[in-house]
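Okay, structure first, notes after.
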Amino acid sequence: MTTDEELITLINRLREPAARAFHYEYAANQNRPKDVQAVWEVAKPLKAAMDGHPEFAEPFSKFFLGKQIAFFNSHQSINVLRVAQHKGGVEALAWYRRVITTNCAGMRVVGHVHGLLVERRHLFSNNVTLLPVLELPDSPNSLYLKQPQAPRPGMEFPAAVMVELQNIESEPSDVGHKRSPEISEKMRKTIAAFVLSDDAAPTLAETWQEFADPELAFAEHGVVWMSSRHEGRLPSHPANVTDEMLNWVETYLSLSPDVANACEIPIARLNLARRRIAPGDKAIDGSVCLEALLSGRGRGELTHRLSVRAALLLGRSLDERQKIAEDSRKFYKLRSDVVHGSSSKKDAADHEIAREGLLLCLAVLRSVVTSAQVPEPELWELTGGPAWNRYVNPKA
């Protein structure tokens with residue numbers, strides 16, 4: 001049976017070879033000098049000693065919001081040696097005991113954002129913070145993002161979102177694994193709502209969970225990222241975040257759940273349409289945006305119904321309504337041509353139709369958001385438009 005004194009003596013003896021091994025921890029095998037062991041090889045004697053210690057012999061795990069700390073000696077022996085590099089054997093063993101007995105922790109759920117230039121942090125009403133990557137608290141994940149990177153579209157001015165959580169109790173893994181995606185989804189919806197501004201189309205990229213306490217972070221086994229759930233290419237350029245953009249997001253966040261749910265697919269499709277290249281592809285996703293908002297319960301004669309309903313929603317005069325209906329029909333025809341395999345020879349004209357169509361999508365979406373009401377397109381047809389935009393013929 002291994003004693004504390006034997007563990008401390010062994011840890012201190014392994015500090016020097018461990019230091020050399022950690023220096024080449026992430027180097028390819030062929031780049032590590034032959035007289036330098038891999039980290040896991042250096043830690044083998046410590047693993048065996050911990051296996052013989054009455055407190056550390058049995059492997060187990062703890063979960064905080066679904067984030068696992070695995071108390072398996074095969075990799076915690078490496079972490080003990082890592083801590084010992086800075087604090088020595090006595091403190092390294094004391095650290096490991098503190099981690100084992102921790103049952104409540106502060107945590108952060110963090111996400112990397114493409115397509116926004118953020119100059120100052122902003123806390124939204126749903127507890128999501130938008131901030132520059134360089135202002136993220138240091139962690140293995142954030143330090144990686146803070147390194148200088150070769151410029152590429154959407155990445156010149158990296159931004160991030162973060163939700164900070166206090167007093168997260170250790171809990172069964174299935175409980176935390178259900179709660180964690182809900183937080184990531186809240187961050188994703190917050191970022192997607194920036195599409196309500198004039199030309200932003202940001203995406204939430206990699207997300208991760210991290211412990212606010214570095215002591216717990218030292219006990220992790222590797223760095224874990226959750227991949228992006230966005231379709232399509234990255235935004236072509238970062239949009240400079242303004243107060244107006246932030247106000248649009250806050251307006252969306254203040255909606256009742258039924259109105260917010262009605263806007264979720266339209267927001268996602270308008271976001272995707274803005275990141276498309278071909279005008280026909282823009283029209284396809286933009287048409288889905290309009291259909292989700294204006295098709296109602298029916299499924300026939302979409303072109304006519306969508307054009308009329310968009311006109312009823314947005315137009316304040318007969319001329320305006322006629323123009324909106326015509327733009328909507330052109331946009332939907334472009335979509336139908338692509339879906340049915342028709343090729344267009346009018347590239348410049350198609351780009352203009354797509355541009356006007358996406359502006360129409362934005363106007364419809366904004367109107368629904370500012371009204372804070374679930375669309376009722378069938379009722380609009382019977383009453384001449386929504387209650388806040390009824391056209392009355394001045395000649396009548």
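Every number in this text was worked out from the coordinates using simple rules, so none of it is lab data. Keep in mind it's a predicted model, so treat the numbers as computed, not measured. A quick note on method: Cβ atoms are made from the backbone with ideal geometry, for glycine too, and the neighbour counts reach across all protein chains shown.
Output the relative contact order of the chain, whole-number percent, from Cα pairs under 8 angstrom with separation of 6+ residues. This gives 14 percent for the chain. Largest GNM mean-square fluctuation among Gln30, Gln147, Gln85, using the chain with Cα springs under 10 Å: Gln30.
Note on Glu185 and Ser74: their simple-model spin labels are 3.4 nm apart, each label 7 Å out from Cα toward Cβ. In terms of distances greater than 19 angstrom between alpha carbons, the cross-link table entries Lys282/Lys330; Lys62/Lys146; Lys67/Lys189; Lys146/Lys189 yield Lys62/Lys146; Lys67/Lys189; Lys146/Lys189.
Sorting 280-291, 254-265, 358-369 by their mean Cβ neighbour count within 10 Å, with the most densely packed peptide first, gives 280-291, 358-369, 254-265. Placing dummy labels 7 Å off each Cα toward the beta-carbon, the span from Arg355 to Asp198 is 1.3 nm. Mean sequence separation of contacting Cα pairs (under 8 Å, at least six apart), scaled by the length of the range 255-383, corresponds to a relative contact order of 35 percent. Were the residues from Asp138 through Glu91 laid out at 0.36 nm apart, the gain over their Cα-Cα distance would be 14.7 nm. Taken over the chain, the ratio of Cα radius of gyration to 2.2 N^0.38 Å equals 1.31. The length gained on full extension between Met1 and Leu123, counted as 0.36 nm times the residue separation minus their Cα-Cα distance, comes to 38.6 nm. Annotation: lysines with alpha-carbon distance below 17 angstrom to Lys47 (same-chain offsets under eight excluded): none found.
Note on the range 133-227: Rg/Rh from C-alpha atoms, Kirkwood Rh, equals 0.98. For GluC sites (Glu not before Pro), the sites in the range 301-341 that DSSP calls loop and that have at most 12 other Cβ atoms within 10 Å are Glu301. For the range 104-217, what is the relative contact order in percent, using Cα pairs closer than 8 Å and at least 6 residues apart in sequence? With pairs under 8 Å counted, the relative contact order is 45 percent. Loop-located trypsin sites (Lys or Arg not before Pro) in the range 1-64 (DSSP state not H, G, I, E or B) with no more than 10 neighbouring Cβ atoms inside 10 Å: Lys34. Look at Leu81, Leu134 and count the other Cβ atoms within 10 Å of each Cβ; fewest to most, that gives Leu134, Leu81. Taking the Cα centre of the range 255-383 as origin and assigning +1 to Lys and Arg Cβ atoms and -1 to Asp and Glu Cβ atoms, the resulting dipole is close to 260 debye. Of the residues Arg32, Arg276, the one with the fewest other Cβ atoms within 10 Å heads the list, and the complete ranking is Arg32, Arg276.
Taking the Cβ-Cβ separation of Leu318 and His221 as r and a Förster radius of 51 Å, what is the calculated FRET efficiency to the nearest 0.05? Result of the calculation: an efficiency of 0.15.
Charged side chains reduced to their Cβ positions (Lys and Arg at +1, Asp and Glu at -1) give the chain a dipole of some 1100 debye around its Cα centre. The loop-placed GluC sites (Glu not before Pro) in the range 146-244, going by DSSP, that have at most 16 neighbouring Cβ atoms within 10 Å of their Cβ come out as Glu156, Glu231.
Given a Förster distance of 41 Å, report the FRET efficiency between Thr370 and Ile100 from their Cβ-Cβ distance, rounded to the nearest 0.05. Given R0 = 41 Å and the Cβ-Cβ separation, E is 0.15.
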